[in-house]
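Throughout, read-outs are computed from the coordinates displayed, never taken from laboratory work. Small disclaimer: the values here were computed from a predicted structure and weren't measured. Ideal geometry is used to build each Cβ from the backbone, glycine not excepted, and the neighbour counts take in all protein chains shown.
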Amino acid sequence: MKIEFQRLIRNNFLILFTLINLLCVIFGYILLVSIDRIDLVTFEAMFESVYTVYTQFGELLFSALILMQFYVDYKDKNIMFYKVMGTESTRYYLNKLICIILVTCIGTILTSLLVTLPYGRIDMIPVVFCKIEMVMIYYCAIMTLLGFLIKNFVVAFFLNLFLWILGIVVASINSSLRFFAYYDASTKDYSRLLELIDGGKPATTYFKELIVGNIIFDTFVIAACIAVACVCFKRWIKNGI
């Protein structure tokens, strides 16, 4: 895993990912002042807008960068190098997933500080961090699995977009199917977040009513992705040849 993290630093993944997080904050502010025409941007409005950017545009903003971490290995035949080192497919996938999630934490910390500190809402830093990071962990699990299974970058990229749109459509059919687009703006999780923000609830309420459920959901998604990666281990070898 140390090697994977060093590779993410050397290929500027850390820098680019952090810059995209900064872009999300800037984009969230622009939406408020240019589209919503808000003269005085409050913490509540800023948090809601930035979170909306992550949930509505995250699939587009982050997918290419995450998928590239697998595409480069397949293109350069690095899988044979991993095999010689004794790294199996599941370990390879877990190393990639964990390292990418660690990188997202750095960007999410930056976002949390930019959203809370200008308004003196230090108490909300854990809430903003956890809520956005739960979204990022979900993205990382899905996108790394697609990168693991699919050799062609273009196919993986557009399949990810197709699944994203399909999930929104399926979730809109019935509320019981909201797990197909769990963090989308059309689901209960998002609407409940807005209720808590508008109601000025204390930070502990967010953890009790939202973040614990987000952790459980993300844990289930990660477990499912790892299971698929274990079953499809031959696909990884085939992609590397």
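I need the full set of residues from the range 125-174 which are surrounded by 15 or more Cβ atoms within 10 Å (Cβ to Cβ) and assigned to a loop (DSSP other than H, G, I, E, B), in order please.
The answer is I150, K151.
Which ones in the range 102-123 are free of Cβ contacts under 8 Å to residues at least 40 places away in the same chain and crowded, with 18+ Cβ neighbours inside 10 Å?
Within the range 102-123, S112 is the sole residue that qualifies.
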